[in-house]
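K.L.:
My questions will all concern the structure given below.
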Amino acid sequence: MMTLNLISGWQTFIRYQLLLRGIVFLYISIIIILPLTALFWKVSQKPLTQIIPLITSEIAIDAYKLTFGTALGAALINSIFGVILAWILVRYDFVGKRIANGLIDLPLAIPGVVVGITLMSLYSPAGVIGQLFEPDTFLGKLFQHFDIEEVNLTSSVIGILVAQIFVTLPFVVRTVQPVLIDFEPEVEEAAKILGANSWQCFWKVILPQILPSILTGFTLALARGIGEFGVAFIISGNIPNETLMATVYIYQRLEQFDFVGATAVAIVLLILALVFLILAGILQRWSQRHSQNN
């Protein structure tokens, strides 16, 4: 009797496991795999001799470089300042802390187009900050001494980088914050009692514990930056070979009814993004093993 109950329980467990796997893979297939398969199938209908010139054109390559360069730069900058912000929010009390903590999430809630307009009102030549760099102002004349005739914070790589930093700010803060909250102060105090100074305590005790979450935030910020469209479309100026992002370039191909060209460039963007994310995932797993071993 006991044997029959064990067999019945085991069969129920197997059915339960199969059901869970079925639900997970079915949902992933419908939401992710099916659209991606359709994307590849669409391009496969055209010969390579027609596809390769589209994805290797000078304007497309410059768009890839700009997109991944600014996304990578923004993710790195937010990885540094995101940790600093998370540290201050967790370790210190100050007036307005709750407001500051809530504002961190604001870039996630605002539509990209609204963010673009907001940044334009700030950094464009007629904006609050942008007008400070006009040629007849103090800062404008200062830059002219260094042979910089015009400082344009929009329609430039700097403007795109600022926009990427804005939209990817929450990711590192929100992934590091819970780890810092759970970090036991006794461990830090023990390190100081054993003779470690503040820098050694952070570098050898705290950083290994929060490094996996930093890399997770970096990966999310990188992915968000690569796929950014609304802000980039408004603030970049979309100048070919200079400030044209890959996502905007895809949109322009669609506007010209070049669906194959848009799809081909989208696939390149997708593959490059996957490569970046896989590398970031490998680095993240390595850091997790490293922190566990320590």
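The values are calculated or read from the model by the stated rules, or taken from the named source; none is laboratory data. Here the structure is a predicted model, which is why all the values come from computation and not from measurement. As a convention, Cβ positions derive from the backbone with ideal geometry for all residues, glycine included, and neighbour counts pool all protein chains shown. Remember, those area values only see protein heavy atoms, side chains included, never the ligands or the DNA or RNA. Shrake-Rupley method; radii C 1.70, N 1.55, O 1.52, S 1.80 Å.
K.L.:
What is the spin-label model distance, in nm, from Q200 to Q17 if the labels are put 7 Å beyond Cα along the C-beta direction?
P.N.:
4.9
K.L.:
Between L274, L244, L161, where does the largest GNM mean-square fluctuation fall for the chain, given springs only between Cα atoms within less than 10 Å?
P.N.:
Answer for the Gaussian network model of the chain: L274.
K.L.:
Specify the inter-centroid distance of region 107-133 and region 32-65, based on alpha-carbon positions, in whole Å.
P.N.:
Result: 33 Å between the Cα centres.
K.L.:
Can you tell me which of T219, T37, T67 moves the most in a GNM of the chain? Springs connect C-alpha atoms under 10 Å apart.
P.N.:
T37
K.L.:
Using a Förster distance of 30 angstrom, determine the FRET efficiency expected from the C-beta separation of I158 and L283, and round it to 0.05.
P.N.:
0.60
K.L.:
Ignoring any ligand, DNA or RNA, what whole percent of the accessible area of the chain comes from carbon and sulfur when the probe is 1.4 angstrom?
P.N.:
The value for the chain is 70 percent carbon and sulfur by accessible area.
K.L.:
List the aspartates and glutamates whose alpha-carbon lies under 14 Å from that of K46, not counting same-chain residues fewer than 8 positions away?
P.N.:
Output for K46: D258.
K.L.:
Tell me, what is the per residue accessible area of the chain in Å², probe radius 1.4 Å?
P.N.:
Accessible surface, normalised per residue, equals 61 Å².
K.L.:
Continuing with the same structure: For region 176-294, compute the orientation-averaged projected area of the C-alpha convex hull (one quarter of its surface), in nm².
P.N.:
Mean projected area of the Cα convex hull: 10.0 nm².
K.L.:
At 7 Å along Cα-to-Cβ for each site, give me the label-to-label distance between L270 and F81 in nm.
P.N.:
Going by the 7 Å Cα→Cβ label model, 3.4 nm.
K.L.:
Let me ask something else. Any chance you could look up the accessible area of Y123 with a 1.4 Å probe, heavy atoms only, rounded to 10 Å²?
P.N.:
For Y123, the solvent-accessible surface is approximately 50 Å².
K.L.:
Further, regarding this structure: Efficiency by 1/(1 + (r/R0)^6): what FRET value for N241 and V113, r their Cβ-Cβ distance, R0 = 25 Å, to the nearest 0.05?
P.N.:
According to the calculation, E is roughly 0.50.
K.L.:
In nm, to one decimal, how far is the I61 label point from the V24 one, both placed 7 Å along Cα→Cβ?
P.N.:
4.2
K.L.:
Still on this structure: Return the Rg/Rh ratio of region 69-228 with Cα-based radii and a Kirkwood Rh.
P.N.:
With Rg and the Kirkwood Rh in hand, the quotient comes to 1.08.
K.L.:
I need the per residue convex hull volume for the chain, using only the alpha carbons, in cubic angstrom as a whole number.
P.N.:
Spread over its residues, the Cα hull of the chain gives 232 Å³ apiece.
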